[in-house]
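Student: Below you'll find the structure I mean.
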Amino acid sequence: MKRKVAKVGKLRLSPNEETMLLKEEYERRRKLRLQQVREQQKYIALQIRQKVKQRREEQLHQLEEALRAEWQKAQDQKMKALEKLYLSSLRAIGEGHRQAKEHEPDLEALAKQAE
């Protein structure tokens, strides 16, 4: 007996299978989109952290420069004050001898008075 071979045409999915495939495709795309959004958020967060770190480093550098300038100014003022003190001390070295000479009692006049 010969069997008639039925021509096999396109198979159609049942409505349940079609709904299930559509739902799976929707979920796959949804997961893919969530992954993309999470990657974008990670990248944006990384950029923000880098900007904050850079801003903090810039502020620390500015603070360092300001403190260094302030310290240098204070050191210069101290140096000038010490130079003035040193120069006045150098000028005063012979002053004591001069004053002693000026206020030295006149021995001859004392001797005459004593006689």
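Student: For region 92-115: of the residues being acidic (Asp, Glu) and assigned to a loop (DSSP other than H, G, I, E, B), which is surrounded by the fewest Cβ atoms within 10 Å (Cβ to Cβ)?
Tutor: Glu115
Student: Scan region 35-63 for residues that are aliphatic (A, V, I, L, M) and open to solvent by 100 Å² or more (accessible area, probe 1.4 Å) and report the count.
Tutor: 1
Student: Condition (residue is surrounded by 10 or more Cβ atoms within 10 Å (Cβ to Cβ) and not in a helix (DSSP H, G or I)) applied to region 10-17: is it met by at least one residue? Give the derivation first.
Tutor: Kept after step one, since they are surrounded by 10 or more Cβ atoms within 10 Å (Cβ to Cβ), are these residues of region 10-17: 13, 17.
Imposing the further condition that a residue be not in a helix (DSSP H, G or I) reduces the set to 13.
Yes: region 10-17 contains one or more residues that are surrounded by 10 or more Cβ atoms within 10 Å (Cβ to Cβ) and not in a helix (DSSP H, G or I).
Student: Taking the options Leu85, Leu32, Leu67, name whichever one is assigned to a helix (DSSP H, G or I), free of Cβ contacts under 8 Å to residues at least 24 places away in the same chain and open to solvent by 100 Å² or more (accessible area, probe 1.4 Å).
Tutor: Within the list Leu85, Leu32, Leu67, the selection yields Leu85.
The values are calculated or read from the model by the stated rules, or taken from the named source; none is laboratory data. What you see is a predicted model; the values in this text were computed from it and never measured. Quick reminder, even Gly has a Cβ in these numbers, built from the backbone with ideal geometry, and neighbours come from all protein chains shown. Areas reflect the complete protein model, heavy atoms only, side chains present, ligands, DNA and RNA absent. Shrake-Rupley method; radii C 1.70, N 1.55, O 1.52, S 1.80 Å.
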